[in-house]
1. In this structure, does residue 506 turn out to be closer than 18 Å to residue 334 by Cα, part of a loop (DSSP other than H, G, I, E, B) and open to solvent by less than 20 Å² (accessible area, probe 1.4 Å)?
2. Sort through 243, 305 and tell me the only one that's touching a residue at least 24 places away in the same chain (Cβ under 8 Å) and assigned to a helix (DSSP H, G or I).
3. Considering only residues that are of a type in the set (Gly, Ala, Ser) and either in the same structural domain as residue 464 (by the TED database) or in contact with an Asp or Glu (Cβ under 6 Å, 6 or more places away or on another chain) (or both), look in the stretch 294-325 and name the one that is surrounded by the fewest Cβ atoms within 10 Å (Cβ to Cβ).
4. With the requirement that a residue be open to solvent by less than 30 Å² (accessible area, probe 1.4 Å) and not in a loop (DSSP other than H, G, I, E, B), what does the stretch 79-94 give you?
5. Does residue 276 satisfy the condition of being closer than 27 Å to residue 288 by Cβ, among the polar types (S, T, N, Q) and crowded, with 21+ Cβ neighbours inside 10 Å?
6. Quick one: which of 315, 277 is at pLDDT below 95, under 25 Å from residue 69 (Cβ atoms) and over 22 Å from the mean Cα position of the chain (by Cα)?
7. Out of (1) outside the structural domain of residue 53 (by the TED database); (2) part of a loop (DSSP other than H, G, I, E, B); (3) at pLDDT 95 or above, what's the single condition that is false for residue 117?
8. Restricting attention to the stretch 479-490, and to residues there that are in a helix (DSSP H, G or I) and either within 21 Å of residue 226 (Cα to Cα) or among the aliphatic types (A, V, I, L, M) (or both), which single residue is least open to solvent (accessible area, probe 1.4 Å)?
Amino acid sequence: MAMFSTGVLVLTAPLHTLPLRIVPVLSSAAQLVERTLYVHLHPGLNLGSGTQPRPVFIPPVVDLSTLITRLYNNAANVCGHLDVRVLLTNVRAHSAANSETTVPNCPFPTPQLLSQSPEVVLTDFPLQDVGQSHQVTQCLLKYTGHCYVCSPKLHSVLLHPQLMKSLRKRQNQEPLETYNDVVVGGTFDRLHGAHKTLLNISCLLANRRFLIGVCDQAMLKRKVLKDLIEPYSQRVQRLQEFLQDTKPSLQLEIVPLHDPFGESIVDPLLQCIVVSEETRKGGEAVNKKRIENGLPVLVLHEIQLLKDAHRTETEEEKISSSSLRSRLLGTLLVPPKDTSHLPPLPYVIGLTGGSGSGKSSIARQLEALGAVRVDCDKLGHEVYQPGTAGYHRVLEEFGSDILSEDKTINRRALGRKVFGNQVKKWLMFLHCLCNPVCFAGKQVCVVDAAVLLEAGWTDMVHEVWVTIIPEEEAVLRITERDSVTTEDALRRLQSQWSNAKQVEHANVVLSTLWEPEVTRKQVLKAWNLLQKRI
């Protein structure tokens, strides 16, 4: 069957059995849906009774919290390409049952508009016999259409009912304690399964308001690969979209977090803070501040950390944004811009990076893989020395009118010829600097240039690759390599473009922060992906 972009998975089995069944169900769903999978929970829903079932409210119980955690953990392992979102519109605590804005026991007075319109509805409902198939799929279509606004050509699929064997497991129908006002804090970079677990459990606990503190610039300084963190506005936008889908009835407040506490230590209405095993001490510190401020302490609701089944030796054991950012190194972050004005070959990579970033070592690795390397920093010095091979090749190509009275090359005169609108001149310049034999049979040319971006040469390369390391590491390398003071190293770095500014122009980002073998793997990944593009 053809793949669908977005789907809704309606889970009908009892909550206490679902954690053991969710892997085969998600695996089957991942064969049909390729982008977003919404999960709708209705334990005990009977699609084969002959009467059309209606959605009803289900209470937040311990089994539901367990299922949400297990579901996101399993999703990260078996269908990591899917954006899985558990919907909680039909989950409501008894204490919130008297809300004036809801119809008794009717979670969907009108179909809910999701951020992405579902094209297929899937279910784990097991058929009693094959003859039920048409009746069940039609019933599922009507049920889903009552809950959500779907594509007019919505398809209905039953997921391998043979997997739905009876399982015995101790039930835990103990109600979850819920609260009017719940708070969490975090970076929320590139929403992943652990974030979604935290957000879903928080929505499960919150009856009225959900307050989220999102780390702003001041809180990002010590983050791994902080220059690859999504902009604050983008992180907020993704949070809003996810939570609007998940539980639209909540009053959502998202505020910037400039310190570890934010609104959590001054808001008197807050009742609960959701933490993980890792952030529990932070929650305790919040309560200490609240006591100092004369406010009641918050209930600490702790969730489990999700294990990352795909982690490498250099990554954290848990699912984390820093691990996801490290996996972006060497990949194409932004598609190349239109370079139809450039000859297709050689395919020119403009490689740049701040002082001490390891740019030249990466260039040498790319050269070893088969690229022609043009060391602009080195050649920039050599080509201006009268009598050198580079000097004569430049004169042959660009003429003697670029010479000064003392027979040295006038940089401004050469620059006007090379870096004007005639991009072909740039490629000729490369050939002048390198022995033309070097290009024979070579598809890729790596231009190793520290000032690539500052000089505005991006129109003269097919792609821009940037190497980054934290400023403190760069300072250590510069002081050791060049025998200069820390102050001199800092001044040098501050005179250059920042990592963040360079990353804004990058198609590919690399980092030499870790052991050489880690860098080699990054470069090899980048090279292999490049071969597929060209």
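1. It is true that residue 506 is closer than 18 Å to residue 334 by Cα, part of a loop (DSSP other than H, G, I, E, B) and open to solvent by less than 20 Å² (accessible area, probe 1.4 Å).
2. 243
3. 323
4. 84, 85, 86, 87, 91
5. no
6. None of the others qualify; the one that does is 277.
7. (1)
8. 489
The values are calculated or read from the model by the stated rules, or taken from the named source; none is laboratory data. Not measured: the values here are computed from a predicted model. Glycine also receives a Cβ, built like all others from the backbone with ideal geometry; neighbour counts cover every protein chain displayed. Areas reflect the complete protein model, heavy atoms only, side chains present, ligands, DNA and RNA absent. Shrake-Rupley method; radii C 1.70, N 1.55, O 1.52, S 1.80 Å.
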